[in-house]
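Since the structure comes first, as structure tokens, the remarks are kept for the end.
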Amino acid sequence: MKILGIDPGTQFTGFGIVIFRNNSFLLVKSGIIKPKAGDPISGRLEFIFDEITKQIKIHNPDQFAIETAFYGKNIQSALKIGYVRGVSLLAASKAELPIGEYSPREVKKSVVGNGAASKEQVQYMIKKLLTIRTEKMRFDESDALAVAVCHAFQTTSLKGAAGSWKKFANENPDRIIGA
């Protein structure tokens, strides 16, 4: 499964593409989408949409995962991140990709085991999981990779759970009510 993960932001949008196969990860590509700072929000959103669309066309992912908006003290920031989420979701939808959305807390818990982990802890674990040796990596980039990794974990655990229930139902038909 090839997953494109997105960490949305109006100044820096992180993206990361990983392949998850046989319970191991392979880094395909990661980076930052950086619109021109002086551009109006509409221009930045168009740039972000175009760049995500380009990554989808180049790398042909099977799945798309994005972090949900985190509301802090600044409502304007939350709204702008919502705009970036919107154009990101539109790019994925136009490519007909299945979409997973995860809160920052879910991503941190999935990757680090602690929903209150720091960005440094997330980055450390991502570098270990994906065998990334570079010292320089923006948090936006490692966060996007973490979203993709979280999606892989969530998707495979859901498949396992579904298989477990089906197996249970087949092995215990007397315990199933109504049908």
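The values are calculated or read from the model by the stated rules, or taken from the named source; none is laboratory data. Values in this document were obtained by computation on a predicted structure and should not be read as measured data. Positions of Cβ are generated from backbone atoms using ideal geometry, with glycine treated the same way; all protein chains shown enter the neighbour counts. With ligands, DNA and RNA removed, areas are computed over all heavy atoms of the protein, side chains included. Shrake-Rupley method; radii C 1.70, N 1.55, O 1.52, S 1.80 Å.
Miscellaneous remarks
- I17 passes every criterion in (1) farther than 20 Å from E96 by Cα; (2) buried (at least 17 other Cβ atoms within 10 Å of the Cβ); (3) touching a strand residue (DSSP E or B) at 6+ places or on another chain (Cβ under 6 Å) apart from (1).
- Some residue of segment 3-13 being of a type in the set (D, E, K, R) and over 13 Å from V149 (Cβ atoms): no
- Residue pairs meeting the criteria (Cβ under 6 Å; at least 6 apart or on separate chains; first free of Cβ contacts under 8 Å to residues at least 24 places away in the same chain, in segment 80-98; second buried (at least 18 other Cβ atoms within 10 Å of the Cβ)): G82/A69
To keep it simple, each residue is scored yes or no on (1) under 18 Å from P61 (Cα atoms); (2) assigned to a strand (DSSP E or B); (3) modelled with pLDDT of 95 or more.
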{"position": "Q11", "(1), (2), (3)": "no, no, no"}
{"position": "F15", "(1), (2), (3)": "yes, yes, yes"}
{"position": "I19", "(1), (2), (3)": "yes, yes, yes"}
{"position": "D39", "(1), (2), (3)": "no, no, no"}
{"position": "G43", "(1), (2), (3)": "no, no, yes"}
{"position": "E46", "(1), (2), (3)": "no, no, yes"}
{"position": "F49", "(1), (2), (3)": "yes, no, yes"}
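- Scanning segment 60-71 for residues that are open to solvent by 30 Å² or more (accessible area, probe 1.4 Å) and out of contact with any Ser or Thr (no Cβ under 8 Å at 6 or more places or on another chain) yields N60, D62, A69, Y71.
Table: residues versus (1) of a type in the set (D, E); (2) over 17 Å from A148 (Cβ atoms).
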| position | (1), (2) |
| --- | --- |
| I19 | no, no |
| S24 | no, no |
| D39 | yes, yes |
| S42 | no, yes |
| I48 | no, yes |
| Q63 | no, no |
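- Qualifying residue in segment 23-30 (condition: open to solvent by less than 50 Å² (accessible area, probe 1.4 Å) and part of a strand (DSSP E or B)): yes
- Qualifying residue in segment 144-166 (condition: polar (S, T, N, Q), at pLDDT 80 or above, part of a loop (DSSP other than H, G, I, E, B) and out of contact with any Leu (no Cβ under 7 Å at 6 or more places or on another chain)): no
- Taking the criterion of being polar (S, T, N, Q) and either open to solvent by 40 Å² or more (accessible area, probe 1.4 Å) or assigned to a helix (DSSP H, G or I) (or both), the residues of segment 76-117 that qualify are Q76, S77, S88, S93, S110, N114.
- Of the residues making up segment 35-46, those that are in contact with a Lys or Arg (Cβ under 9 Å, 6 or more places away or on another chain) and open to solvent by 80 Å² or more (accessible area, probe 1.4 Å) are K36, A37.
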